[in-house]
Amino acid sequence: MNTQTGPAPGKTVVITGASTGIGAATARHLSQQGWCVFAGIRKQADGDRLKDGAAGDLRPIILDVTDPESVETAVKAVADALGTTRLAGLVNNAGIARMGPLALQPLADFEAHFSVNVFGLLRVTQAFVPLLGSDPSRTGNPGRIVNITSVGGKISAPFLGAYTATKHANESMTDTLRRELLIYGIDAIAIGPGSVKTPIWDKAEAANDDQPYAKSDWAEPLRTFEQVMLNGGRTGLDPVEIGKTVQTALESASPKARYAPVPDKMTNFTIPSRLPKRWLDRIFAKRFGLSRQD
């Protein structure tokens, strides 16, 4: 990582989960737009891949959101690069998703989602708040926190209970952080994408390769749901569109508290989020074959 040249004042951002998908696309996009990007990865090989063909000041940095020592080391590296100035942005993107019916999903699997998606987000946020603005010895404008949530942070789909529970938590945490951090001028913004072309659902499918629910009463509905999610992951928004939304959240003079980049937004988000819950239950039941079996 090149730290010989200091980052541009007021345009330094840290992104977690930047090895692939939304994180990688956002890192590349922001670096092309003149940002100094510290891209959190878990393996150096991921960093090499990220930098291949990238433009601008892109600096891969080992950052495992579940490891306090890794987070502390990353904070020190960013602080050293900043000198006495403030960090302009923290993008909490790291996350995992695994499918399964909550009535059967192992508790350890459920806990793993919270370890990364919730506790990891808070661990990183707490660690970087001094650089973002709570340390009075630093100069420059206070920074912004951008949390990548999901449509699932507003609408709970079947078979993604663990994932959507964490995303609901992320939405709430973003609102709370924004209100608490007013004393430092640090903003907190949520971005809740819909279907995006990322590997997250392929990874979720791979986690179910041993078909742990193949003999359960949910076997067929789960297979149908899995295909819907995989198709969405292959035909959804280009992840760079989320990167552009992140740029807006970081640079806008008057950013929204929440952005929802969702394909076919009216059908896939606006209407479902306003329907009575029982109506939505029936839609899910019909689409995935979840009607009661007498």
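The values are calculated or read from the model by the stated rules, or taken from the named source; none is laboratory data. Just so it is clear, the model here is predicted, and its values are computed rather than measured. Here Cβ is always computed from backbone atoms with ideal geometry, including for glycine, and neighbour counts include all displayed protein chains.
Scanning the stretch 228-247 for residues that are modelled with pLDDT of 85 or more and of a type in the set (Lys, Arg) turns up just one, Lys244.
One residue stands out among those in the stretch 107-142 that are touching a residue at least 60 places away in the same chain (Cβ under 8 Å) and part of a loop (DSSP other than H, G, I, E, B): the one that is nearest to Gly192 (Cα to Cα), which is Asn141.
Set side by side, the residues Leu102, Leu90, Leu121, Leu82 differ, and just one is farther than 25 Å from Ala165 by Cα, in contact with a helix residue (DSSP H, G or I) (Cβ under 8 Å, 6 or more places away or on another chain) and not aromatic (Phe, Trp, Tyr), which is Leu82.
The single residue among Gly95, Gly100, Gly53 that is within 24 Å of Ala188 (Cβ to Cβ) and among the small types (Gly, Ala, Ser) turns out to be Gly95.
Only one of Leu102, Leu87 is in contact (Cβ under 8 Å) with a residue 24 or more places away in the chain and either closer than 26 Å to Gly133 by Cβ or among the acidic types (Asp, Glu) (or both). Can you tell me which? Only one candidate passes the filter, namely Leu87. When you go through Gly56, Gly17, Gly21, Gly34 one by one, which is the residue that is on the phi > 0 side of the Ramachandran plot and in contact with a Phe, Trp or Tyr (Cβ under 9 Å, 6 or more places away or on another chain)? Every option except Gly56 fails the conditions. Checking each residue in the stretch 143-200 for being among the β-branched types (Val, Ile, Thr) and under 23 Å from Pro106 (Cβ atoms) picks out Thr164, Thr166, Ile200. Checked against (1) within 20 Å of Arg274 (Cα to Cα); (2) surrounded by 19 or more Cβ atoms within 10 Å (Cβ to Cβ); (3) touching a His at 6+ places or on another chain (Cβ under 8 Å), Ser156 passes all but a single condition, namely (2). Count of the stretch 211-227 residues, restricted to those that are assigned to a helix (DSSP H, G or I) and either among the small types (Gly, Ala, Ser) or in contact (Cβ under 8 Å) with a residue 24 or more places away in the chain (or both), is 7.
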